[in-house]
1. Scan region 48-77 for residues that are surrounded by fewer than 19 Cβ atoms within 10 Å (Cβ to Cβ) and in a helix (DSSP H, G or I) and jot them down.
2. For Glu61, indicate whether it is among the charged types (D, E, K, R) and modelled with pLDDT under 95.
3. Condition first: in contact with a strand residue (DSSP E or B) (Cβ under 8 Å, 6 or more places away or on another chain), modelled with pLDDT of 50 or more and farther than 22 Å from Glu61 by Cβ. Can you find one or more residues in region 128-151 that meet it?
4. Somewhere in region 86-99, is a residue in a loop (DSSP other than H, G, I, E, B), in contact with a Lys or Arg (Cβ under 9 Å, 6 or more places away or on another chain), modelled with pLDDT of 95 or more and open to solvent by 40 Å² or more (accessible area, probe 1.4 Å)?
5. Could you say whether any residue in region 65-85 is among the aromatic types (Phe, Trp, Tyr), over 20 Å from Arg101 (Cα atoms) and touching a strand residue (DSSP E or B) at 6+ places or on another chain (Cβ under 9 Å)?
Amino acid sequence: MGFAAERVAALFVVMTMGPELAAATVYKVGDAAGWTIIGGVDYKQWAATKTFQVGDVVVFEYNPQFHNVMRVTHAMYKSCNVSAPLETHTSGNDTIAITTRGHHFFVCGVPGHCQAGQKVDINVLRHASAAVAPSPSVPLVIPSPAPAPSGAASRLSGGLALLALLFSVVA
């Protein structure tokens, strides 16, 4: 799936999750450095400064000749075991929508990279009261529509507004 198509798919997931999501944040993993072993990025520290919510999107940007992204279990994350990942992404611009609460573990599956620290735990807190002040990389505010008719027509108009916003961000 291409970069733009992945972002459209991720935002579509966010869009269909319900009206309780007034805003989502797009986080570029590693900020300006991206997903790499060069430069000593501390992904644990990076994630600790964020307050992830259901509906947020994480973007892994990297050189696909040298890296990948694998979603793994907690045990696999701790031991850097990449023998049976839950998902593997290899585009170099992987956009992943966070659709559930709890821990989401990602590692680079290239030999030695996870052991060198190229792994991140995206933790979506179960209770908003436990959250600290957010520090988003790239905020994506999804506007709440003005009072509109209830039902499918209202949801459709909100969805169309979100798609227009997405295409303006992707373009």
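The values are calculated or read from the model by the stated rules, or taken from the named source; none is laboratory data. Since we're looking at a predicted model, the values are computed, not measured. As a convention, Cβ positions derive from the backbone with ideal geometry for all residues, glycine included, and neighbour counts pool all protein chains shown. The area values use the complete protein model at the heavy-atom level, side chains included, leaving out ligands, DNA and RNA. Shrake-Rupley method; radii C 1.70, N 1.55, O 1.52, S 1.80 Å.
1. Residues of region 48-77 surrounded by fewer than 19 Cβ atoms within 10 Å (Cβ to Cβ): 48-49, 51, 53-54, 63-66, 71, 73-75.
Once the filter is applied, which keeps residues that are surrounded by fewer than 19 Cβ atoms within 10 Å (Cβ to Cβ) and in a helix (DSSP H, G or I), region 48-77 yields Ala48, His74, Ala75.
2. Details: among the charged types (D, E, K, R): yes; modelled with pLDDT under 95: no.
For Glu61, the condition - among the charged types (D, E, K, R) and modelled with pLDDT under 95 - is not met.
3. Taking region 128-151 and keeping what is in contact with a strand residue (DSSP E or B) (Cβ under 8 Å, 6 or more places away or on another chain), we get 134, 136-140, 142.
Add one more test, that the residue is modelled with pLDDT of 50 or more, and what stays is none.
The answer is no; no qualifying residue exists.
4. Of all residues in region 86-99, those in a loop (DSSP other than H, G, I, E, B) come to 86, 90-92, 98-99.
Cutting the leftovers down to in contact with a Lys or Arg (Cβ under 9 Å, 6 or more places away or on another chain) gives us 86.
Now narrow it down to the ones that are modelled with pLDDT of 95 or more: 86.
Right, trim to open to solvent by 40 Å² or more (accessible area, probe 1.4 Å) and you get 86.
Scanning region 86-99 turns up at least one residue that is in a loop (DSSP other than H, G, I, E, B), in contact with a Lys or Arg (Cβ under 9 Å, 6 or more places away or on another chain), modelled with pLDDT of 95 or more and open to solvent by 40 Å² or more (accessible area, probe 1.4 Å).
5. To start, the set of residues in region 65-85 that are among the aromatic types (Phe, Trp, Tyr) comprises 66, 77.
So of that shortlist, the ones also over 20 Å from Arg101 (Cα atoms) come out as 66.
Filter once more, so that each one left must be touching a strand residue (DSSP E or B) at 6+ places or on another chain (Cβ under 9 Å): none.
Within region 65-85, not a single residue is among the aromatic types (Phe, Trp, Tyr), over 20 Å from Arg101 (Cα atoms) and touching a strand residue (DSSP E or B) at 6+ places or on another chain (Cβ under 9 Å).
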